[in-house]
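Chemist: Below is one structure. I have some questions about it.
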Amino acid sequence: MEQQIPEMDSGEKRLNELGYKQELRREMNLFKTLAISFSTMTLFTGITPLYGSSLLYAGPASLVWGWVVVSFFTWFVGIAMAEICSSFPTTGSLYFWAAHLAGPKWGPFASWCCAWLETIGLIAGIGTQAYAGSQTLQSIILLCTGTNKGGGYLAPKWLFLCMYTGLTLIWAFLNTFALEVIAFIDMISIWWQVIGGLIIVIMLPLVALSTQSASYVFTKFEMATEQTGVSSKPYAVILSFLVSQYSLYGYDAAAHLTEETKGADKNGPIAILSSIGIISLFGWAYILALTFSIHDFDYLFDTSNETAGVFVPAQILYDAFHGRYNNSTGAIILLFIIWGSFFFGGLSITTSAARVVYALARDKGIPFSSTWRKIHPKHKVPSNAVWLCAGMCFLLGLPILIVNVVFTAITSICTIGWVGGYAVPIFARMVMAEKNFKPGPFYLGKARRPVCLVAFLWICYTCSVFLLPTLYPISWDTFNYAPVALGVGLGLIMLWWVLDARKWFKGPVRNIEIENDKI
């Protein structure tokens, strides 16, 4: 009896057409890929740390409707990326897309820019999760030990840095195991966030003794010029949108896992768009729950309050539960749910960052590429790349010991790098000749140019606003040093390109022979 040869997976077939052999295990299904993508975006990790500052700039209405506006434009970016992902289901994702969409002349330069933007953004993304997770843990410890008013323990800077480093090391350690371990944890994550999110969204307004009116939540506009130094209403609105712009990205995580996903040319785009849809709805519900439950707006930012004025969502939770039950147990439990979201988010972003570093090393795009491209012989994961990302994240967090605006800077670097990396392949897709594009199952057809144009302009706007000062007057304590850090970093990368890399970096390097060059 003749033995039947199993049909090749459609994603693996397309990968071979692009010039890559299957090296990673292709064992992820749609739900597992969606779980990791969803965990990378996460329900709480974007909104929670920036909620207080965005609320302060222009009041509740600007914050609430800002999420709707940003969600609307995010769909354009997600749809444009889903089409490209369907055609190029590779772990290199964004920078691989940029190389092939920009053509042979501009491809290497586009790939170089995109790869480094994405790498910087993802490594900084690990830092944002570690910082905000440590901030949540700091509030949990403070409430557990008696609150700021009751002699509770507020972790000093050195201990905060230890918590930041500890989270980074745990994520790196877990990422050295087989991807099925991460997938299993992220399946827990998606249920953790969905169930936990429902608990918080439903319980918080019910527990609060007094809630704000709908007119306050949806129409109240108030500026806090004395605290922020911002006197311009349009500028205040722009800054209040930052929480939404920081929260609504990360859906490209599904693209980083396409070489490990079954039917990636179909399931990759589905995971991208599903992540955006879920986060858009749940994120708005979370913002509404927090805003309706505000007890005293001014007291939220008082440094003498129970949470030391350092974490507004923690104070909202405390006011609700202490007001009704005269203890903070409920607030601590909900903060632990939120902390779990940061833990899962950091774990997933570490997974994505390592895949990008691995893919770039595979194409000889970073120093000592032969070291960082090595695959763990047993678990088949890029373990060396994982630890490189963890080390860079640790260095990024060292200024915690010196300055107070670390999170603002890391957030800006993360968003500009990560979202800026989206712009390169989307722009290339918009201007390329359609005859040179081989579409996958998800194809926009004639709609691709207007969709890509809106997406590209929105990304440019997003990157620009994260370079703006967020507090006035500008001093060493309030200075947003992200433009300086990015300027120096990207300047060195561009100088490296001009002096050396352009001579040898040709973008993605095929590792199998193919019959023709049409992709």
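The values are calculated or read from the model by the stated rules, or taken from the named source; none is laboratory data. Note that the structure is a prediction, hence the values are computed from the model and not measured. Note that each Cβ is placed from the backbone with ideal geometry, even for glycine, and that neighbours are counted across all protein chains shown. In case anyone asks, the SASA skips ligands and DNA or RNA and just uses the protein heavy atoms, side chains included. Shrake-Rupley method; radii C 1.70, N 1.55, O 1.52, S 1.80 Å.
Chemist: Under the condition of being at pLDDT below 75 and assigned to a helix (DSSP H, G or I), which residue from segment 159-181 is farthest from Ala385 (Cα to Cα)?
Modeler: By that ranking, first place goes to Glu180.
Chemist: Further question on the same structure: Starting from segment 63-92, take each residue that is more than 18 Å from Leu444 (Cβ to Cβ) and in a helix (DSSP H, G or I) and list its partners that are among the β-branched types (Val, Ile, Thr) and open to solvent by 10 Å² or more (accessible area, probe 1.4 Å), counting only C-beta distances under 8 angstrom and pairs at least six apart or across chains.
Modeler: Partner pairs satisfying both residue conditions: Gly66/Val237.
Chemist: Still on this structure, I have one more. Of all residues in segment 308-327, count the ones that are modelled with pLDDT under 90 and open to solvent by less than 30 Å² (accessible area, probe 1.4 Å).
Modeler: 3
Chemist: Enumerate the pairs (first residue in segment 464-478 and within 22 Å of Tyr246 (Cα to Cα) and modelled with pLDDT of 75 or more; second residue anywhere and of a type in the set (Ser, Thr, Tyr) and assigned to a loop (DSSP other than H, G, I, E, B)) with beta-carbon separation below 9 Å, excluding pairs fewer than 6 apart on the same chain, so at least 6 apart or on different chains.
Modeler: Pro469/Thr478; Thr470/Thr478; Leu471/Thr478; Tyr472/Ser231; Tyr472/Thr478
Chemist: Considering segment 197-246 alone, what residues qualify as being of a type in the set (Phe, Trp, Tyr) and over 30 Å from Tyr422 (Cα atoms)?
Modeler: Listed by number, the residues that qualify are Tyr216, Phe218, Phe221.
Chemist: So, in segment 209-225, exactly how many residues are more than 30 Å from the chain's Cα centre (by Cα), open to solvent by 70 Å² or more (accessible area, probe 1.4 Å) and not polar (S, T, N, Q)?
Modeler: 1
Chemist: On to the next question. Looking at segment 160-178 only, could you name the residues that are more than 21 Å from the chain's Cα centre (by Cα), open to solvent by 40 Å² or more (accessible area, probe 1.4 Å) and closer than 20 Å to Leu396 by Cβ?
Modeler: Result: Cys162, single match.
Chemist: Quick check on Gly330: is it under 28 Å from Ser464 (Cβ atoms), small (Gly, Ala, Ser) and modelled with pLDDT of 85 or more?
Modeler: no
Chemist: I'm trying to understand the selection: among the residues of segment 100-125, which are closer than 17 Å to Ile366 by Cβ and open to solvent by less than 10 Å² (accessible area, probe 1.4 Å)?
Modeler: Ser111, Trp112, Cys114, Ala115, Glu118, Gly121, Leu122, Ala124
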